[in-house]
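See structure below.
The values are calculated or read from the model by the stated rules, or taken from the named source; none is laboratory data. Bear in mind that the values here come from a model prediction, so they are computed numbers and not experimental data. Cβ coordinates were reconstructed from backbone atoms using ideal geometry, including for glycine residues, and neighbour counts include every protein chain displayed.
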Amino acid sequence: MGHRVYIETYGCQMNLADSEIVLGHLGRHGFVEAGSAADADVILLNTCAIREHAEERVVGRLTQLLPLKLRDPRLRIGILGCMAQHHRASLLDRLPFLDFVLGPDEYRNLPTILDRQGFDDPTIEVRLGRDETYADVSPARREGVRAWVSVMRGCDKFCTFCIVPYVRGRERSLPLRLILDQVNEAARAGFREIVFLGQTVNAYRHDDVDFADLLRAAARVTGIARIRFTSPHPSEMSDRVIEVMATEQAVCPQVHLPLQSASDTVLERMGRGYTIEQYDRLLERLRRARPGIEFSTDIIVGFPGETESDFQATLDYLRHAGYDHAFSFAYSRREGTRAARWHETVDRAEKRRRLTTVIEVQERISLERSRAWCGRSVEVLVEGAARRGQGWLSGKSAEFKTAVFPSGRHAAGEVVRVLVRDATAHTLIGDAVEGQSPEACANA
Ligand code: 5AD
Ligand code: SF4
């Protein structure tokens, strides 16, 4: 029985963090990570179900992996995560060579499933647990400067387009003490930045501890220079959280705040729980609380019933809000959601046109905002070599802008002040300016 495991991850940061949990859990049971699919005894695909395209990629990848299985029938291939949960009934019909299908709350059973001798029948385990948080599992984190920490799982919002509440189950949060243990452990392992993760991360609540308490407690951990979180829900952004953003400098001046649409009719039908006016007021309050804060967002185009004027309202709002970045998607019908029962009024070609337009509009805004940094300096937490070639380092500014600069004597993990002299839509290009940055000593 082989113990080398290879895992591939699709989809969001939560899935990446889940893969670290899976590897951590398997590691405790004697499994080791394989360097590639070809070297593995077990191949796991941790999957995403958010849009059809994400699922198509997984099916394509499985077709590629099939020859490995044909060559060595002892190789086991399993599907984990959201797509496993979503298509639990049909996956084995479509892909009969799969050995197991496990939903997001079933990872604890993996060692047992893999240790089972001589099993022939595929295993399907897709119960959603109301309590499963994997709070006691130490994730096998990749090396780097940024550690991802899942603080809550699931979602109770049921936006009408979204499959997440059905595949990840009900909202549940980890105890503060166990989260702080993870933060301390990450700090000891050399991580400088923590990103709190959750489907609606700011809905975090455990006993009488809320998200504001969690942020404040984490901001005090020695060795951690920066704290971020993703993704918050606009309706859960309490005054207390805004107050923490204003007062805790370790909490970065950057928020990813999914908008989806700027038309009140569309927002209402999406079940988002806010109007555009309320959302806009929230941006203003955050800007007042934390001058210099940068925002990014998610946009869906072509939702059932979205008219040209609804779409124009979204474009106008993008220009007004001045996001640093927007992730834009064409609406993808998800079986089982409320919106899946509604007639699709925007055809494929029109969705594509709206998507291209949104992307073009946002790219211009991003470029303009990036260029505005020229001549100013940013604090860069260095992550490692830049893609542009030898002698360059790359990292993120506190506002989550990618910045690159000639390395000099600097290295990953340092906070370096960089004077920006050029910019593309998504990258600031500059030079390190000498002298220790104040942030470098903030908590160290
Ligand atoms: N179609 C298109 N985009 C979607 N998203 C979620 N569900 C769908 C869907 N059915 C987008 C939303 C969300 C992001 C993670 O994915 O914008 O914020
Ligand atoms: Fe999906 Fe809405 Fe929950 Fe986000 S808040 S995961 S979009 S249901």
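Evaluate region 31-39: report whether one residue or more is within 16 Å of ligand 1 (Cβ to nearest atom) and out of contact with any Gly (no Cβ under 9 Å at 6 or more places or on another chain).
No, region 31-39 contains no residue that is within 16 Å of ligand 1 (Cβ to nearest atom) and out of contact with any Gly (no Cβ under 9 Å at 6 or more places or on another chain).
For region 242-253, state whether one or more residues are buried (at least 21 other Cβ atoms within 10 Å of the Cβ), at pLDDT 95 or above, within 16 Å of ligand 1 (Cβ to nearest atom) and over 30 Å from T345 (Cα atoms).
Within region 242-253 (the criterion being buried (at least 21 other Cβ atoms within 10 Å of the Cβ), at pLDDT 95 or above, within 16 Å of ligand 1 (Cβ to nearest atom) and over 30 Å from T345 (Cα atoms)), the answer is no, since none of the residues qualifies.
Across region 261-275, what is the number of residues that are out of contact with any Leu (no Cβ under 7 Å at 6 or more places or on another chain), within 16 Å of ligand 1 (Cβ to nearest atom) and not charged (D, E, K, R)?
7
Residues that are among the polar types (S, T, N, Q), at pLDDT 95 or above and either within 15 Å of ligand 1 (Cβ to nearest atom) or farther than 27 Å from R192 by Cβ (or both): does region 357-380 have at least one?
yes
With the checklist (1) farther than 25 Å from H29 by Cβ; (2) touching a strand residue (DSSP E or B) at 6+ places or on another chain (Cβ under 6 Å) in hand, flag the one item M83 doesn't pass.
With (1) farther than 25 Å from H29 by Cβ; (2) touching a strand residue (DSSP E or B) at 6+ places or on another chain (Cβ under 6 Å) applied to M83, the lone miss is (1).
Among the residues of region 137-163, write down those that are of a type in the set (V, I, T), within 16 Å of ligand 1 (Cβ to nearest atom) and either crowded, with 22+ Cβ neighbours inside 10 Å or over 20 Å from P232 (Cα atoms) (or both).
I163
Residues checked against (1) closer than 30 Å to D310 by Cβ; (2) touching a residue at least 24 places away in the same chain (Cβ under 8 Å):
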position	(1), (2)
A339	yes, yes
V361	yes, yes
E379	no, yes
E383	no, yes
G389	no, no
V404	no, yes
G413	no, yes
L419	no, yes
T424	no, yes
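From the set of residues in region 45-62 that are touching a helix residue (DSSP H, G or I) at 6+ places or on another chain (Cβ under 8 Å) and touching a residue at least 60 places away in the same chain (Cβ under 8 Å), which is nearest to ligand 1 (Cβ to nearest atom)?
I50
Pairs only if they're at least six apart or on different chains, beta carbon under 9 angstrom, first in region 199-222 and at positive phi, second among the hydrophobic types (A, V, I, L, M, F, W, C) and more than 16 Å from ligand 1 (Cβ to nearest atom); list them, first residue then second.
Here the result reads D207/L176, each pair linking region 199-222 to a residue that is among the hydrophobic types (A, V, I, L, M, F, W, C) and more than 16 Å from ligand 1 (Cβ to nearest atom).
Would you be able to tell me the number of residues in region 312-356 that are within 14 Å of ligand 1 (Cβ to nearest atom) and not aliphatic (A, V, I, L, M)?
The total comes to 21.
Yes/no matrix, rows are residues, columns are (1) surrounded by 17 or more Cβ atoms within 10 Å (Cβ to Cβ); (2) among the basic types (K, R); (3) more than 22 Å from the chain's Cα centre (by Cα):
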site	(1), (2), (3)
A262	yes, no, yes
Q278	no, no, yes
A289	yes, no, yes
T297	yes, no, no
P304	yes, no, yes
D316	no, no, yes
R319	no, yes, yes
G322	no, no, no
H325	yes, no, no
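Just give me the residues in region 227-254 being within 16 Å of ligand 2 (Cβ to nearest atom), in a helix (DSSP H, G or I) and of a type in the set (G, A, S), in sequence order.
Once the filter is applied, which keeps residues that are within 16 Å of ligand 2 (Cβ to nearest atom), in a helix (DSSP H, G or I) and of a type in the set (G, A, S), region 227-254 yields only S235.
For region 49-167, which helices (runs of 4 or more DSSP H) that fit wholly inside it have 1 or more residues that are in contact with a Lys or Arg (Cβ under 9 Å, 6 or more places away or on another chain), basic (K, R) and at pLDDT 90 or above?
Where helices (runs of 4 or more DSSP H) fall fully within region 49-167 and carry at least 1 residues being in contact with a Lys or Arg (Cβ under 9 Å, 6 or more places away or on another chain), basic (K, R) and at pLDDT 90 or above, they are 52-71.
Give region 24-38 a look and list any residue that's touching a strand residue (DSSP E or B) at 6+ places or on another chain (Cβ under 6 Å) and part of a helix (DSSP H, G or I), or say none.
L26, A37
Considering region 192-226 alone, what residues qualify as being in a loop (DSSP other than H, G, I, E, B) and within 25 Å of A411 (Cβ to Cβ)?
R192, V221, T222, G223, I224, A225
Can you confirm whether region 326-333 contains a residue that is among the charged types (D, E, K, R), within 16 Å of ligand 2 (Cβ to nearest atom) and at pLDDT 95 or above?
Yes, region 326-333 has at least one match.
Could you list, in sequence order, all residues of region 1-23 that are farther than 22 Å from P73 by Cβ, in a loop (DSSP other than H, G, I, E, B) and not aromatic (F, W, Y)?
G11, C12
Counting only residues that are closer than 23 Å to I224 by Cβ and among the acidic types (D, E), how many does region 394-437 have?
Total meeting the criteria: 2.
Just to be sure I understand, how many residues within region 170-219 are over 23 Å from E143 (Cβ atoms) and either within 16 Å of ligand 2 (Cβ to nearest atom) or modelled with pLDDT under 95 (or both)?
Result for region 170-219: 13.
Provide a single number: the residues in region 380-392 that are more than 15 Å from G408 (Cβ to Cβ) and within 23 Å of the chain's Cα centre (by Cα).
Within region 380-392, residues that are more than 15 Å from G408 (Cβ to Cβ) and within 23 Å of the chain's Cα centre (by Cα) number 3.
Could you please let me know if V416 is touching a Lys or Arg at 6+ places or on another chain (Cβ under 7 Å) and part of a strand (DSSP E or B)?
no
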